[in-house]
Amino acid sequence: MSSTATDEPRGVDRRVALATLVGTSFEWYDFFIYSTAAALVFPALFFDQYGAELSVLLSFATVGISFLFRPLGAFLAGALGDRAGRKVVLVVTLLVMGVATTAVGLLPTAASIGIAAPILLLTLRIFQGLAAGGEWGGATLMAVEHAHPRYRARAGIYPQLGVPVGLLMASGVNALMTGVITPGDAFVEWGWRVPFLLSIVLVVLGYLVRRAVDESPVFAEMKSTMTRAKAPVAALWRRHGLLVFLAALVFAGNNAAGYMTTGPFVAQYATNPEGPVGLSRTAVLLAIAVSAVTWGLFTIVSGSLGDRIGRRKTLAIGNVAIAVLAFPMFALVGSGSALLLTAGLVLFTVGLGLAYGPLCAFYAELFPASVRTSGVSIAYAFGAILGGAFSPTIAQYLLQRTGSLTSAAVYLAIMALLALGALAVLRDRPGIDLSITNEEAQQGAIGLGRRAEKEPVS
């Protein structure tokens, strides 16, 4: 048995699972309430002076621009995680995200301070991007490196579940605000601020949970043997640059799909009173919340599949589903029916879950221990740029130019096919020893689809 195995009966450390799930859920709640506000209120409150169409594009662009800073957050968190520990990264990123999110809820609008308002909004969104770029790698490795080799995919679903859980929380809170507490104009006037201000409570809870978790056993081994890389990011690019790019492509298809459908594009399209659908904000937010449940359920399913049939096969099945289901999903979104829109999003999130759950284990098994935090964080961050960063903006542009949602479906299908191409040239390596003593054996992650031999697992 490798040094990463635990004594838990199912191979998953429950305290670590809780810490990664709670922390990532709170951080993605923060991220999703911004995306929702970018669709529903920010065009009018921060960009109204630029006209109807451009204000929407600019608001969506603030969502995308934050993704450009994810690599910087990943560089910083990767270096910190490979030098000071995975646990430190979890605490720091949670605090940065929470403080930035709470500050958005306190911002004056453009009507009060003019151009300074969107500048401050963008600045805080950049801090959210920095935190998001560093969060995932630390959470992933805490979950996977604590797990028994047989159950790494199942252990890895806990940080992944944070995304649909965060989406469910964000959509639920916003639906409560738009439908019950501050319906109509009251939501635009002040109700949108409440979900942002609630973030400070979640930060405190997440901080307490994460502080109580033990450090990753792999990092503890690195520290005790003094084998930490002095410049992990430089070593990563020198030895594994192509691997980072291919791993980024694997995530890009899923991320483009996730941010286009559960982010601002669908919400703005379906609630636009001058558009062809014209549904209420509450109805659309509830539809997104229901789809978050399906996303979470199939993320859980993907963990078991990832341990049984392999991470690569499960990810491939998910990306094929994304490519195929994008077309009926957008047809249902454009139907004008809240029930059919919900059905379309629920159907589509089946592929999202399958293409997302095994990613933690797959990424962790690609990189050597000494550069693993840097590797998984930076690959994830670049995948987010290639995928989700500007997918809502691209979809909005395609819609404005073609007048058809089919163009957005074609875009998502192309992104999923790129992910499948990257998967074809990466090896699936379940059971590989993740410890620092196995650095050399972890060098051959690229192999034109060949499956690496499993190491014996006791």
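Just give me the residues in segment 361-413 being open to solvent by less than 30 Å² (accessible area, probe 1.4 Å) and among the aromatic types (Phe, Trp, Tyr), in sequence order.
Scanning segment 361-413 gives PHE362, TYR363, PHE367, TYR380.
Suppose we filter segment 326-342 for residues that are closer than 26 Å to LEU417 by Cβ, open to solvent by less than 50 Å² (accessible area, probe 1.4 Å) and of a type in the set (Gly, Ala, Ser); how many remain?
2
Take the conditions modelled with pLDDT of 90 or more and among the small types (Gly, Ala, Ser) and apply them to ALA175. Does it pass?
Numbers: modelled with pLDDT of 90 or more: yes; among the small types (Gly, Ala, Ser): yes.
Taking the combined requirement at face value, the residue satisfies it.
Considering only segment 279-375, give the helices (runs of 4 or more DSSP H) lying wholly within it that have at least 1 residues that are in contact (Cβ under 8 Å) with a residue 24 or more places away in the chain and of a type in the set (D, E, K, R).
Ranges flagged: 281-308, 311-333.
Could you grab me the full set of residues in segment 11-39 that are open to solvent by less than 40 Å² (accessible area, probe 1.4 Å), out of contact with any Ser or Thr (no Cβ under 6 Å at 6 or more places or on another chain) and either over 19 Å from GLY388 (Cβ atoms) or not in a helix (DSSP H, G or I) (or both)? Before you say what the answer is, go through the steps one by one.
Our first condition is that a residue be open to solvent by less than 40 Å² (accessible area, probe 1.4 Å); within segment 11-39, this holds for 11-13, 16-17, 19-20, 22-39.
With out of contact with any Ser or Thr (no Cβ under 6 Å at 6 or more places or on another chain) added as a condition, the list becomes 11-12, 16-17, 19-20, 22-29, 31-37, 39.
If the condition is that a residue be open to solvent by less than 40 Å² (accessible area, probe 1.4 Å), out of contact with any Ser or Thr (no Cβ under 6 Å at 6 or more places or on another chain) and either over 19 Å from GLY388 (Cβ atoms) or not in a helix (DSSP H, G or I) (or both), then GLY11, VAL12, VAL16, ALA17, ALA19, THR20, VAL22, GLY23, PHE26 are the ones that fit.
Is it the case that segment 116-123 has a residue that's over 30 Å from LYS87 (Cα atoms), among the small types (Gly, Ala, Ser) and surrounded by fewer than 24 Cβ atoms within 10 Å (Cβ to Cβ)?
There is at least one residue in segment 116-123 that is over 30 Å from LYS87 (Cα atoms), among the small types (Gly, Ala, Ser) and surrounded by fewer than 24 Cβ atoms within 10 Å (Cβ to Cβ).
Can you tell me how many residues within segment 256-268 are assigned to a helix (DSSP H, G or I) and either open to solvent by 10 Å² or more (accessible area, probe 1.4 Å) or at pLDDT below 85 (or both)?
Step one: filter segment 256-268 for residues assigned to a helix (DSSP H, G or I), giving 256-261, 264-268.
From what is left, the residues that are either open to solvent by 10 Å² or more (accessible area, probe 1.4 Å) or at pLDDT below 85 (or both) are 259-261, 264, 268.
Matching residues across segment 256-268 total 5.
Just to check your reading of the model, which residue among THR294, THR261 is under 21 Å from PHE390 (Cα atoms) and of a type in the set (Ser, Thr, Tyr)? Break it down into steps so the answer makes sense when it comes.
Values: THR294 fails: under 21 Å from PHE390 (Cα atoms).
After applying the criteria, what remains is THR261.
Report yes if some residue within segment 430-441 is assigned to a helix (DSSP H, G or I), at pLDDT 90 or above and either at negative phi or surrounded by fewer than 23 Cβ atoms within 10 Å (Cβ to Cβ) (or both); otherwise report no.
So the first thing to find is which residues in segment 430-441 are assigned to a helix (DSSP H, G or I), and the list is 436-438, 440-441.
Keeping just the survivors that are at pLDDT 90 or above gives none.
There is no residue in segment 430-441 that is assigned to a helix (DSSP H, G or I), at pLDDT 90 or above and either at negative phi or surrounded by fewer than 23 Cβ atoms within 10 Å (Cβ to Cβ) (or both).
Going through SER291, SER304, SER280 one at a time, which residue ends up being open to solvent by 40 Å² or more (accessible area, probe 1.4 Å) and of a type in the set (Gly, Ala, Ser)?
The match here is SER280.
What helices (runs of 4 or more DSSP H), lying completely within segment 69-141, carry at least 3 residues that are in contact (Cβ under 8 Å) with a residue 12 or more places away in the chain?
On the way: elements: 70-83, 86-104, 110-113.
Because the criterion is at least 3 residues that are in contact (Cβ under 8 Å) with a residue 12 or more places away in the chain, the helices (runs of 4 or more DSSP H) in segment 69-141 that meet it are 70-83, 86-104.
Cβ-Cβ distance below 9 Å, separation of 6 or more or different chains: which pairs start in segment 172-190 with a residue that is touching a residue at least 40 places away in the same chain (Cβ under 8 Å) and aliphatic (A, V, I, L, M) and end on one that is open to solvent by 40 Å² or more (accessible area, probe 1.4 Å) and not in a loop (DSSP other than H, G, I, E, B)?
Between residues of segment 172-190 that are touching a residue at least 40 places away in the same chain (Cβ under 8 Å) and aliphatic (A, V, I, L, M) and residues that are open to solvent by 40 Å² or more (accessible area, probe 1.4 Å) and not in a loop (DSSP other than H, G, I, E, B), the close pairs are VAL173/VAL194; ALA175/ARG281; ALA175/LEU286; VAL188/ALA44.
State yes or no: is SER404 within 27 Å of GLY64 (Cα to Cα) and either assigned to a helix (DSSP H, G or I) or at pLDDT 90 or above (or both)? Don't jump to the end; show me each part of the working.
Working: within 27 Å of GLY64 (Cα to Cα): yes; either assigned to a helix (DSSP H, G or I) or at pLDDT 90 or above (or both): yes.
Here the answer is yes, as SER404 does meet what is asked.
The values are calculated or read from the model by the stated rules, or taken from the named source; none is laboratory data. From a predicted model like this one, the values you see are computed outputs, not experimental measurements. Don't worry about glycine lacking a Cβ; one is built from the backbone with ideal geometry, like all the others, and counts go over all protein chains shown. Only protein heavy atoms, including side chains, enter the accessible area calculation; ligands, DNA and RNA are left aside. Shrake-Rupley method; radii C 1.70, N 1.55, O 1.52, S 1.80 Å.
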